[in-house]
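Okay, structure first, notes after.
The values are calculated or read from the model by the stated rules, or taken from the named source; none is laboratory data. Everything numeric in this text was worked out from a predicted model, so none of it was measured. Note that each Cβ is placed from the backbone with ideal geometry, even for glycine, and that neighbours are counted across all protein chains shown. Heavy atoms of the whole protein, side chains included, go into the accessibility calculation; ligands, DNA and RNA do not. Shrake-Rupley method; radii C 1.70, N 1.55, O 1.52, S 1.80 Å.
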Amino acid sequence: MTTLDAASEFTIDQTNGGSYTSTNSLTFSSFDQIFAGSQADVFNFSGSGTIATSIDAGNGTDEINYSSYASAVIVNLSTGAASGVNVGAVASI
C-alpha cells in the first residue's frame, strides 16, 4: 500500500491489516508492505497486528508505537528489524 504524501496514522491490529487516517480514513487488509509519504507518520501496533514484509515511513518525523501491542517487542535500529514486521524491515523511522 502506498499512501498520500501527508501526515498519516496507521493502526495495525490484524495480520496485514488495520486502519489508516490522513486527509481521509479507511480500513485495509491483505497489504504486506506499507510505503508512507514524506510527512510525519505514526504506526500503532495493537493486539497481535503484523505486517508481513516491510514498512517504509518515507521522510519526516516518524514513529512506531507499541503501547497497545500484546507481547514484548524488539527493535534493532541498525538492521531495521522490528516486532510486528515479520520478514523485512522498517526504514526511515
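Go through Thr27, Thr79 for me and flag whichever is exposed (fewer than 13 other Cβ atoms within 10 Å of the Cβ) and not in a strand (DSSP E or B).
Thr79
Within segment 23-32, can one find any residue that is closer than 21 Å to Ser83 by Cβ and among the β-branched types (Val, Ile, Thr)?
The answer is no; no qualifying residue exists.
Only one of these is touching an Asp or Glu at 6+ places or on another chain (Cβ under 9 Å) and farther than 16 Å from Ala81 by Cα: Gly47, Gly18. Name it.
Gly47
Using the structure shown, decide if Thr23 is in contact with a Leu (Cβ under 8 Å, 6 or more places away or on another chain), modelled with pLDDT of 90 or more and hydroxyl-bearing (Ser, Thr, Tyr).
Considered against the rule, which asks whether it is in contact with a Leu (Cβ under 8 Å, 6 or more places away or on another chain), modelled with pLDDT of 90 or more and hydroxyl-bearing (Ser, Thr, Tyr), Thr23 comes out as yes.
Checking the condition surrounded by 12 or more Cβ atoms within 10 Å (Cβ to Cβ) and within 16 Å of Glu9 (Cα to Cα), which residue from Ser67, Ser92 passes?
That would be Ser92, the only listed residue that is surrounded by 12 or more Cβ atoms within 10 Å (Cβ to Cβ) and within 16 Å of Glu9 (Cα to Cα).
Against the definition (under 19 Å from Gly88 (Cα atoms) and surrounded by 13 or more Cβ atoms within 10 Å (Cβ to Cβ)), how does Thr2 come out, yes or no?
Considered against the rule, which asks whether it is under 19 Å from Gly88 (Cα atoms) and surrounded by 13 or more Cβ atoms within 10 Å (Cβ to Cβ), Thr2 comes out as no.
What number of residues in segment 2-20 are farther than 15 Å from Ile64 by Cα and either under 11 Å from the mean Cα position of the chain (by Cα) or hydroxyl-bearing (Ser, Thr, Tyr) (or both)?
Matching residues across segment 2-20 total 5.
Can you name the number of the only condition in (1) crowded, with 17+ Cβ neighbours inside 10 Å; (2) within 20 Å of Ser92 (Cα to Cα) that Gly49 fails?
Unmet condition: (2).
How many residues does segment 2-29 hold that are hydrophobic (A, V, I, L, M, F, W, C) and either on the phi > 0 side of the Ramachandran plot or touching a residue at least 40 places away in the same chain (Cβ under 8 Å) (or both)?
2
What single numbered condition from (1) touching a Phe, Trp or Tyr at 6+ places or on another chain (Cβ under 6 Å); (2) open to solvent by less than 80 Å² (accessible area, probe 1.4 Å); (3) without any contact (Cβ under 8 Å) to a residue 40 or more places away in the chain fails to hold for Asp32?
Of the numbered conditions (1) touching a Phe, Trp or Tyr at 6+ places or on another chain (Cβ under 6 Å); (2) open to solvent by less than 80 Å² (accessible area, probe 1.4 Å); (3) without any contact (Cβ under 8 Å) to a residue 40 or more places away in the chain, the odd one out for Asp32 is (1).
Quick one: Gly60 ticks every box in (1) free of Cβ contacts under 8 Å to residues at least 40 places away in the same chain; (2) at positive phi; (3) open to solvent by 40 Å² or more (accessible area, probe 1.4 Å) bar one, so which box is it?
(1)
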